[in-house]
Amino acid sequence: MDPNQPHQDFPAPQPQQVQPGHYDFITNPAKPGKKSLFSFGKGNKSGMLIIIAGGIGLFALILLVGSLFFGGGSNKDTLLGVAQKQSEVIAVAGIGAEDGGSNQAQSLALAVQLSVTTEQQALVAQISKKDKVKPKEYAAGASSEVTTQLETAQRNGRFDEVFYNVIKQELTEYQQVLKTANAAVTSKSTKAVLASDYENVGILLTINTN
C-alpha cells in the first residue's frame, strides 16, 4: 500500500493542509471536550480494552508512516521530554500488567502499555529525521513515589484500586506534556503526531474502571 495514500478507516494526516486553529482543542482548554465514543458496561471489558489499544496503535503507526515524508524543525529536547514521560507511563503500566489482581486491571495496563509504546516509536522516528537519538536519552522508569505506593498497595491487598488512580494520574500528566510540546514545536508533521497522541490519551482516560 502506498504510504502517501490515506487509509480507508484511519486517514493519514496531511500536515501541509493544517488550517489555523486546527490544534485549538489542545491550546484552548476552555473548549468542552468531545464525548467518548466508547462506553463500557459490565461485559467483557478486557476484550474492549485490547480493541481500543490496537486501534490506537494502528492509527499511531499510520501517523508514523505519514510523518516520514514531511519535514520540520528539530525541537529535540522538547520531544525527548515527551518520550521520557512516555517511558515513565509504559513502566507504570508494566507494573500493573504484572501485579494486577484482576483481568480488568491487567487489561487496562496492557492497553496503556501497547498504545503508549506505539506512540513513542512514532515520536522517536520523528525526532530521528533531524537528530540522532539513543534509547538512553529518553529512558525513564516509574518514580520512587509511585513504586512505593504500588508496593504498599500490593502488600495491603489494594493494588488494583491504587493502580487505577496512579495510571490515571500518569496519563493526565502525559497529556499535559503533549499539550505543552505541541505549543512549542513548529513542524506541522510533529504537531500532527502530538495531537494524535493527545486524543489517544483522552480515549484511555475515558475507560471506566469501576
Under 6 Å between Cβ atoms, at least 6 apart or on separate chains: pull out the pairs that start in the range 167-183 with a residue that is over 23 Å from Ala97 (Cβ atoms) and end on any residue that is exposed (fewer than 15 other Cβ atoms within 10 Å of the Cβ) and at pLDDT below 95.
Ala183/Thr27
State all residues of the range 122-150 that are farther than 22 Å from Thr190 by Cβ, part of a helix (DSSP H, G or I) and among the polar types (S, T, N, Q); if no residue qualifies, say none.
Ser144, Thr147, Thr148, Gln149
For Thr186, only one of the following conditions fails: (1) modelled with pLDDT under 95; (2) surrounded by 15 or more Cβ atoms within 10 Å (Cβ to Cβ); (3) of a type outside the set (Lys, Arg); (4) more than 14 Å from the chain's Cα centre (by Cα). What is its number?
(2)
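Take the conditions assigned to a helix (DSSP H, G or I), touching a residue at least 24 places away in the same chain (Cβ under 8 Å), at negative phi and surrounded by fewer than 21 Cβ atoms within 10 Å (Cβ to Cβ) and apply them to Gln154. Does it pass? Explain how you work it out, then say what you get.
Values: assigned to a helix (DSSP H, G or I): yes; touching a residue at least 24 places away in the same chain (Cβ under 8 Å): yes; at negative phi: yes; surrounded by fewer than 21 Cβ atoms within 10 Å (Cβ to Cβ): yes.
In short, yes.
The values are calculated or read from the model by the stated rules, or taken from the named source; none is laboratory data. Because the structure is predicted, anything quoted here is derived from the model rather than measured. Counting neighbours? That spans all protein chains shown, and the Cβs are built from the backbone with ideal geometry, glycine included.
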